[in-house]
Amino acid sequence: MRVLITTEQIQARLTELAQEIGPQYRDRPLTIVGVLTGSLMFLADLVRRLDIPLRIALIQASSYRGKATTPGALHLGSEVLADVRGRHVLLLDDILDTGQTLHHLIKHLEEQGALSVKVGVLLRKEGRQVHTVRVDYVGFSIPNEFVVGYGLDFNDEYRQLPYVVVLPAEMYAS
Ligand code: XMP
């Protein structure tokens, strides 16, 4: 599998993002909400670079996919510590593809009483967005290829890789 983004590139970019994000939330009650399961590595590495008080929450969202690149209906699952009333939210996801997941989650968090909702993604796929989502922090823009690693999976595998690789089409095409 071809490495698209190396461990060193990811870690260096996270340091830059943390330097951008930290000052925005100084003296504001912040909850970082990670979208399960893909955002786990991104969230863990980013929060350890943020030298500000914050809470961590997790929310489950899955768009059931038949083939790897075709999103299905979005299902919102359980939340862990996601009382965001009166708090500023930074929503973190692994990848912005069509935008369906983040579009719905932003609405959901706003309805829950968040004071503001900003969005950070590790990856943004070029030319795939169907739903308009304002993303405030982007790690890397990538071409329209199916990628795994650093939290991203295929059939729940490959998440543990410390870098991002392109999954060859013959591995997911039926
Ligand atoms: P949407 O279309 O809602 O998709 O923006 C976001 C979710 O789709 C999954 N996704 C991928 N997962 N490699 C993956 O491992 C990919 O290239 C990819 N593209 C989309 C992912 O779960 C993401 O949160």
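Where a number appears in this text, it was derived from the coordinates with a stated rule and is not lab data. The structure presented is a predicted model; accordingly, all values stated were derived computationally and were not measured. All Cβ positions, glycine included, derive from the backbone under ideal geometry; neighbour counts span all protein chains shown.
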Open item on the list: Taking a virtual spin label 7 Å from the Cα of Glu170 along the C-beta vector, which residues in the stretch 135-150 bring their backbone nitrogen under 17 Å of it?
Closed with: 146
- [ ] Can you tell me the 0 to 90 degree angle between the C-alpha axis of helix 100-111 and the longest principal axis of the chain, rounded to 10?
- [x] 10 degrees
TODO: Collect residues whose amide H, placed 1.01 Å from N in the peptide plane, falls under 5 Å from the amide H of Val117; neighbours closer than 5 in sequence don't count.
DONE: Val89
Task: Neighbourhood charge, 10 Å Cβ-Cβ cut-off, centred on Phe42 and excluding it, Lys, Arg +1 and Asp, Glu -1 - done: -3
TODO: Would you calculate the separation in nanometres between label points at Gln11 and Ser141, each defined as 7 Å from the Cα along the Cα-to-beta-carbon direction?
DONE: 2.8 nm
Task: Under the Karplus curve 6.51 cos²θ - 1.76 cosθ + 1.60, θ = phi - 60°, whole-Hz ³J(HN,Hα) for the stretch 120-134, x wherever Gly or Pro sits - done: x, 10, 5, 10, 10, 7, 6, x, 10, 6, 9, 8, 7, 10, 7
TODO: Going by C-beta contacts inside 10 Å, put Phe42, Phe154 in order with the fewest on the left.
DONE: Phe154, Phe42
- [ ] Kindly express, to the nearest 10 degrees and within the range 0 to 90, the angle between helix 7-24's C-alpha long axis and the longest C-alpha principal axis of the chain.
- [x] 20 degrees
- [ ] Report the full-extension gain for the segment His131 to Glu111: residue separation times 0.36 nm, less the Cα-Cα distance, to one decimal in nm.
- [x] 5.3 nm
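Looking at the chain only, what percent of DSSP beta bridges run antiparallel? Nearest 5 please.
Beta bridges within the chain, antiparallel portion: roughly 35 percent.
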Task: Per residue, the convex hull volume that the Cα atoms of the stretch 21-66 enclose (Å³) - done: 79 Å³
TODO: Could you list the trypsin sites (Lys or Arg not before Pro) in the stretch 122-158 that lie in coil according to DSSP, counting only those with at most 16 other Cβ atoms within 10 Å of their Cβ?
DONE: Arg128, Arg134
TODO: May I have the extent of the alpha carbons of the chain along their three principal axes, as whole Å values ordered from largest to smallest?
DONE: 49, 35, 26
Task: DSSP-loop trypsin sites (Lys or Arg not before Pro) across the stretch 18-49, with at most 13 other Cβ within 10 angstrom - done: Arg26, Arg48
- [ ] Enumerate the amide H contacts of Leu36 below 5 Å, restricted to partners 5 or more residues apart or on another chain; note that Pro and chain-start residues carry no placed amide H.
- [x] Ile59, Gln60, Ala61
